[in-house]
1. Given the conditions (1) modelled with pLDDT under 85; (2) out of contact with any Asp or Glu (no Cβ under 6 Å at 6 or more places or on another chain); (3) hydroxyl-bearing (Ser, Thr, Tyr), report the number of the one that THR332 does not fulfil.
2. Which of the residues belonging to region 81-108 are aliphatic (A, V, I, L, M) and crowded, with 21+ Cβ neighbours inside 10 Å?
3. What tally of residues in region 419-460 results from selecting those that are β-branched (Val, Ile, Thr), open to solvent by 40 Å² or more (accessible area, probe 1.4 Å) and under 15 Å from ILE109 (Cβ atoms)?
4. What residue, among those in region 564-574 that are open to solvent by less than 30 Å² (accessible area, probe 1.4 Å) and not hydrophobic (A, V, I, L, M, F, W, C), is nearest to GLY586 (Cα to Cα)?
5. Conditions first: (1) modelled with pLDDT under 85; (2) in a helix (DSSP H, G or I); (3) open to solvent by 50 Å² or more (accessible area, probe 1.4 Å); (4) not polar (S, T, N, Q). ILE174 passes all but one, so which condition is the exception?
6. Check whether at least one residue in region 592-606 is surrounded by 14 or more Cβ atoms within 10 Å (Cβ to Cβ) and over 27 Å from THR531 (Cα atoms), and report yes or no.
7. Quickly run through region 236-268 and pick out the residues that are hydroxyl-bearing (Ser, Thr, Tyr), within 20 Å of GLY92 (Cβ to Cβ) and either open to solvent by 10 Å² or more (accessible area, probe 1.4 Å) or in a helix (DSSP H, G or I) (or both).
Amino acid sequence: MPVSKITKMLFGPPRNPMDRRARHSMTLVALMAWIGLGADGLSSACYGPEEAFVALGNHTSLAIYLALATMLTVGIISLAYTQVIELFPNGGGGYRAATSLLGNGVGLISGSALVVDYVLTIAISVASATDALFSMMPFGWHGAKMPMELAAIVVLAWLNLRGAKESIAVLMPIFLSFVVTHAILILVGVFAHREGLGNLVSDAVTDTQGLSQEMGWMVVVALFLKAFSLGGGTYTGLEAVSNNVQNLAEPRVTSGKWTMALVACSLAFMAAGIIMLYLLWDVNKVHGETLNATVFKRIMDGWEIAGVQIDGALLSIVLICEAGLLLVASNTGFLAGPQVLASMATDRWMPHFFSSLSSRLVVKNGIVLMGLAAMGAIVITGGAVHVLVVLYSINVFLTFSLALAGLCVHWIRSKDAPQRFLRLGIAGTGFAVCATIFVVTLVEKFSHGGWITIGITSSVIIVGWLIHRHYMRVYEGILDREVEYALPEHDELAPAPKVNRQARTAAVLVSECSSTGVYAFRQIQRMFPGTFKNFVFISVGEVGSTHVNEEDNLSTMQKSARGTLKRYEDFCHRQGIPAVSYLGYGTDLVDKLTNLTNRVSREFPNVVYFGTKLVFDNENPLTQILHNQTAYILQRRLNVRGESMLILPMKV
């Protein structure tokens, strides 16, 4: 079977990046976005409330405060990130907010933290899901746990390489099953013990007064803040919507707000409701069980249909739904992580190829990297959830804090903005809450693995800085070449000499930098004086992540490419040399160039191809990675066809 057919079968038929309908068919309505991007936040109800509740120790009556604080915090953070959606409707979330509002350096820190965060989102969600499943299996089967985790990551990566909508459609039943089963259990559990609702507040007040008289108010506040902060995992995932606004259906901001509202309301209900169940059913930690499993077991105890006990079977279904949701939550890392990488690549903090799209118009290299990194995290930690949680939670609140600090700065500067003080109040409160959780979590968990997070994130920041420094040096060198080999400007087009298609023809591959074409033209004339009677200029516009959902960016790219090629033609015409140009667009430069050269070879039988390759004083493996090898790959393809291509080195 041909490779093309296998690829089509595995990943689906290619999409035309220039077809507006194809691009818009990929966008997500609010419901689909809630499932795809909200699963990470909603899954935190499986472990966040438990962490906070257990941290209270013997003073669990104070958990009523946690339930209220949880609902309030979810509301504040979601409202603050709704502002991010409004200010940055093209996506980027916390990274874009920190970059635009606080500076490029802060943006690098935020983006690096987000990348690590989404890798760990995949790892911890898959590890938690398999833990839940294997807890219902014989101990002898546990040796298959890690292979299953790695296989799950491979399957999720494959689904996302097929397309975001496709992955969400497959995982939708799992998500909805979790929502329905847990909503029913929360409502039934609260209603069954409704007589105890009135005592929750009085018990909390009594316990608070007793503890304050015995230990002092500072101890009460410290205990609450510790429990509140250690339960900070409840709020992770709220930023995912703002990172993917560009993938939402039009109008994007409205879709983003609806999605954020769905995420916030469902998370607040689940998290606060589960804490209420812990209180009303007076649950205690049972070895080998989560608090959720314990309280659900109590709620369903004795349930039967037609005299047949169904509580055990129902509990298994509920726990399978929890495991399934955690698996769906890991998909958020595959949706949001590559988008952050693409944004950083556009800003030259990451290699350019992370903004490239596949034939299915997904950020393919980012998806592959996230999958491989998550697999590495699982192998290194042995899939230990308690280790991954520590690594995960710190970066989340670092990003939250930086984004909300940027919002505060923005509203302080925007003196004439409507509802300025209300927006500033929301952003300021959110910043205070997130910064507090970040500091407390870092201090509490630093010696338990928090230092590893700092080390990993710092390493990503350093790599990003080195990449950016290299790209900026290259950019400055190209600017110098642009001055040296600039296309001359003329108000009127020169008359076009007649093209003799049978004559010797030089076909030059050119980029958006006009210097490459002029440099190649002069080198060809110097090395082969009078040999070539025609010149053909070939250019391919790469449709990347910044174009696929941005009509303005795509139009600008098309207009710029057409204008540059016309100037090349005019440049040759003024020297009495016939010249034509060919322009194409695609997500794969080599494939599109191969198609264009096929056409050129048919129309100009005596053609020789020329390409330009940037070279540097200090060539090293990093420069090979950071710059594409398009010219060399195309040269090999042309040689296989029996055609010639020369690569001209251009030093910068």
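The values are calculated or read from the model by the stated rules, or taken from the named source; none is laboratory data. Values in this document were obtained by computation on a predicted structure and should not be read as measured data. Note that we place each Cβ from the backbone using ideal geometry, even for glycine, and neighbour counts take in every protein chain shown. Each accessible area value is taken on the protein alone, full model and side chains, heavy atoms only, with ligands, DNA and RNA left out. Shrake-Rupley method; radii C 1.70, N 1.55, O 1.52, S 1.80 Å.
1. Condition (2) is where THR332 drops out.
2. Initial filter on region 81-108 (aliphatic (A, V, I, L, M)): 84-85, 87, 97-98, 101-102, 106, 108.
Of everything in region 81-108, those that are aliphatic (A, V, I, L, M) and crowded, with 21+ Cβ neighbours inside 10 Å turn out to be VAL84, ILE85, ALA97, ALA98, LEU101, LEU108.
3. Selection size over region 419-460: 2.
4. Per the stated criteria, the residue is THR564.
5. Here ILE174 clears every test but (1).
6. Among the residues of region 592-606, at least one is surrounded by 14 or more Cβ atoms within 10 Å (Cβ to Cβ) and over 27 Å from THR531 (Cα atoms), which makes the answer yes.
7. Going through region 236-268, the residues hydroxyl-bearing (Ser, Thr, Tyr) turn out to be 236, 242, 254-255, 259, 266.
Applying the additional criterion that residues be within 20 Å of GLY92 (Cβ to Cβ) yields 236, 242, 254-255, 259.
Scanning region 236-268 gives SER242, THR254, SER255, THR259.
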